[in-house]
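Colleague: I have a structure I would like to understand better, so I am pasting it below and will then ask my questions one at a time.
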Number of protein chains: 2
Amino acid sequence: METRALTDADALALARAEARAGRTEGGVPIGAALVLDGAVLALGRNRRVQDGSAIRHGETDCLENAGRLPASVYARATMVTTLSPCDMCTGAILLYKIPRVVIGENRTFRGGEDLLRERGVEVVVLDDAECVTLMRDFIAAEPELWNEDIGEE
Amino acid sequence: METRALTDADALALARAEARAGRTEGGVPIGAALVLDGAVLALGRNRRVQDGSAIRHGETDCLENAGRLPASVYARATMVTTLSPCDMCTGAILLYKIPRVVIGENRTFRGGEDLLRERGVEVVVLDDAECVTLMRDFIAAEPELWNEDIGEE
């Protein structure tokens, strides 16, 4: 069987599929993928609506789905997320010393990118038009749910 | 029925009981309480061992147990935790704009206290001897588990 290492765009497409699945479930359309050596370790998506969760954002759900991993694995991993990571998800990336973060877009929300860079994390923003549209449509349709998710009134 | 507002020490005692319960379960002994107007909204404890969880630390488990809350509730709440919050839990406190954090001790681990203060959060360190002993005994007994929990080799 031929295997091919995933590009950042490939991994983002998987994260975006998670986001879309979340929206179909009535949830917040943010998804993530944890990638190691060009292969997906875990996928995740925001589960505020689906699980009534305050802590399962795209990235944290992905980390939870990846299970307990040694520091040596996180140290070689990339977190791919459809949206610029909020403070909590930024902190989760820093806790586990994930050295690289790929972000679908940061036009609709900008999280802790500066802090990530200050702490030595490589941050790549793909500025993906589909991710932008997904979030813009969601925010327009459900502004209260979006504000709840980012801790705003 | 008489009700009395919890003091910080009262709330820390509840968080410490969560930490002790976690240790009894074979887990990482860190607990937390979310307090609003002198009453407990939710308790939580680290569930790395119990649930195989990478994201349920004391504070995040407590936030999850509290459920989906409006920003107006977080805005009046205090997070009480037995140990100085790691980067992820620091970020969760910042995401939800919890204005006050009470920490049992920061001798065995010091997390994101400076970032919390920079962002305007009031941080109170009680330097509780029982919390210190609980963590020192745990770290001595299970150094690998502790390192895994804080993302170290």
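The values are calculated or read from the model by the stated rules, or taken from the named source; none is laboratory data. For clarity, every value in this text was computed on a predicted model and none was experimentally measured. Counting neighbours? That spans all protein chains shown, and the Cβs are built from the backbone with ideal geometry, glycine included. Quick note on the areas: whole protein, heavy atoms, side chains included, nothing else; ligands and nucleic acids left out. Shrake-Rupley method; radii C 1.70, N 1.55, O 1.52, S 1.80 Å.
Colleague: Collect the residues in segment B:32-41 that are part of a strand (DSSP E or B) and either farther than 14 Å from residue B:8 by Cα or open to solvent by 20 Å² or more (accessible area, probe 1.4 Å) (or both), keeping them in residue-number order.
Modeller: First pass over segment B:32-41, keeping only residues part of a strand (DSSP E or B): B:32-36, B:39-41.
B:36, B:39, B:40, B:41, listed by residue number.
Condition check ((1) touching a residue at least 40 places away in the same chain (Cβ under 8 Å); (2) of a type in the set (A, V, I, L, M, F, W, C); (3) touching an Asp or Glu at 6+ places or on another chain (Cβ under 7 Å)) across all residues:
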{"site": "B:63", "(1), (2), (3)": "no, yes, no"}
{"site": "B:68", "(1), (2), (3)": "no, no, yes"}
{"site": "B:97", "(1), (2), (3)": "no, no, no"}
{"site": "B:128", "(1), (2), (3)": "yes, no, yes"}
{"site": "B:133", "(1), (2), (3)": "no, no, no"}
{"site": "B:147", "(1), (2), (3)": "no, no, yes"}
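Colleague: Within the bounds of segment A:137-152, is there any residue that is within 22 Å of residue A:7 (Cα to Cα), among the aliphatic types (A, V, I, L, M) and more than 7 Å from chain B (Cβ to nearest Cβ)? I'd like the intermediate steps shown before the answer.
Modeller: Quick first cut of segment A:137-152, residues within 22 Å of residue A:7 (Cα to Cα) only: none.
The answer is no, given that none of the residues of segment A:137-152 is within 22 Å of residue A:7 (Cα to Cα), among the aliphatic types (A, V, I, L, M) and more than 7 Å from chain B (Cβ to nearest Cβ).
Colleague: So, in segment B:1-20, of the ones that are open to solvent by 70 Å² or more (accessible area, probe 1.4 Å), assigned to a loop (DSSP other than H, G, I, E, B) and of a type outside the set (Asp, Glu), which residue ends up modelled with the lowest pLDDT? Full working, then the answer.
Modeller: The initial filter retains those residues of segment B:1-20 that are open to solvent by 70 Å² or more (accessible area, probe 1.4 Å), namely B:1-4, B:20.
Now restrict to residues that are assigned to a loop (DSSP other than H, G, I, E, B): B:1-4.
After this cut, where a residue has to be of a type outside the set (Asp, Glu) as well, the list is B:1, B:3-4.
Numbers: B:1: 54, B:3: 69, B:4: 81.
Among them, the one singled out is B:1.
Colleague: If residue A:88 satisfies every condition in (1) assigned to a helix (DSSP H, G or I); (2) out of contact with any Leu (no Cβ under 6 Å at 6 or more places or on another chain); (3) open to solvent by less than 30 Å² (accessible area, probe 1.4 Å); (4) within 14 Å of chain B (Cβ to nearest Cβ) but one, which is the exception?
Modeller: Among (1) assigned to a helix (DSSP H, G or I); (2) out of contact with any Leu (no Cβ under 6 Å at 6 or more places or on another chain); (3) open to solvent by less than 30 Å² (accessible area, probe 1.4 Å); (4) within 14 Å of chain B (Cβ to nearest Cβ), the lone unmet condition for residue A:88 is (2).
Colleague: Checking residue B:111 against (1) more than 18 Å from residue B:150 (Cβ to Cβ); (2) modelled with pLDDT of 95 or more, which test does it fail?
Modeller: (1)
Colleague: Only one of (1) acidic (Asp, Glu); (2) farther than 21 Å from residue A:122 by Cβ; (3) under 12 Å from the mean Cα position of the chain (by Cα) fails for residue A:59. Which number is that?
Modeller: Answer for residue A:59: the failing condition is (2).
Colleague: Separate question: All but one of (1) open to solvent by 20 Å² or more (accessible area, probe 1.4 Å); (2) in a strand (DSSP E or B) hold for residue A:65; state the number of the condition that does not hold.
Modeller: Among (1) open to solvent by 20 Å² or more (accessible area, probe 1.4 Å); (2) in a strand (DSSP E or B), residue A:65 violates only (2).
Colleague: State whether one or more residues within segment A:27-40 are more than 30 Å from residue A:4 (Cβ to Cβ) and more than 8 Å from every other protein chain (Cβ to nearest Cβ). I'd like the intermediate steps shown before the answer.
Modeller: As a first pass, look at segment A:27-40 and keep what is more than 30 Å from residue A:4 (Cβ to Cβ): A:27-28.
Cutting the leftovers down to more than 8 Å from every other protein chain (Cβ to nearest Cβ) gives us A:27-28.
Yes - at least one qualifying residue is present in segment A:27-40.
Colleague: Applying the selection to segment B:29-88, what residues are in contact with a helix residue (DSSP H, G or I) (Cβ under 6 Å, 6 or more places away or on another chain), of a type outside the set (Val, Ile, Thr) and over 30 Å from residue A:70 (Cβ atoms)?
Modeller: Those that are in contact with a helix residue (DSSP H, G or I) (Cβ under 6 Å, 6 or more places away or on another chain), of a type outside the set (Val, Ile, Thr) and over 30 Å from residue A:70 (Cβ atoms): B:33, B:34, B:41, B:42.
Colleague: Can you find a residue in segment A:42-50 that is buried (at least 16 other Cβ atoms within 10 Å of the Cβ) and farther than 29 Å from residue B:98 by Cβ?
Modeller: Within segment A:42-50, one or more residues are buried (at least 16 other Cβ atoms within 10 Å of the Cβ) and farther than 29 Å from residue B:98 by Cβ.
Colleague: Scan B:23, B:56, B:110 and give me the residue that is part of a loop (DSSP other than H, G, I, E, B), more than 12 Å from chain A (Cβ to nearest Cβ) and open to solvent by 10 Å² or more (accessible area, probe 1.4 Å).
Modeller: Checking each option against the conditions leaves just B:110.
Colleague: Any residue at all in segment A:69-77 that is more than 8 Å from chain B (Cβ to nearest Cβ), open to solvent by less than 20 Å² (accessible area, probe 1.4 Å) and either farther than 18 Å from residue A:18 by Cα or aliphatic (A, V, I, L, M) (or both)? First the steps, then the outcome.
Modeller: So in segment A:69-77, the residues more than 8 Å from chain B (Cβ to nearest Cβ) come out as A:73, A:75-77.
Narrowing the set further to residues that are open to solvent by less than 20 Å² (accessible area, probe 1.4 Å) leaves A:77.
Narrowing further to those that are either farther than 18 Å from residue A:18 by Cα or aliphatic (A, V, I, L, M) (or both): A:77.
Yes, there is a match, as at least one residue in segment A:69-77 is more than 8 Å from chain B (Cβ to nearest Cβ), open to solvent by less than 20 Å² (accessible area, probe 1.4 Å) and either farther than 18 Å from residue A:18 by Cα or aliphatic (A, V, I, L, M) (or both).
Colleague: Among the candidates B:105, B:130, single out the residue that is touching a helix residue (DSSP H, G or I) at 6+ places or on another chain (Cβ under 7 Å) and open to solvent by 20 Å² or more (accessible area, probe 1.4 Å). Steps first, answer last, please.
Modeller: Numbers: B:105 fails: open to solvent by 20 Å² or more (accessible area, probe 1.4 Å).
One residue alone meets the criteria, B:130.
Colleague: Going through segment A:91-107 one residue at a time, which ones are within 14 Å of another protein chain (Cβ to nearest Cβ) and of a type in the set (Gly, Ala, Ser)?
Modeller: Kept after step one, since they are within 14 Å of another protein chain (Cβ to nearest Cβ), are these residues of segment A:91-107: A:91-99, A:101.
Those that are within 14 Å of another protein chain (Cβ to nearest Cβ) and of a type in the set (Gly, Ala, Ser): A:91, A:92.
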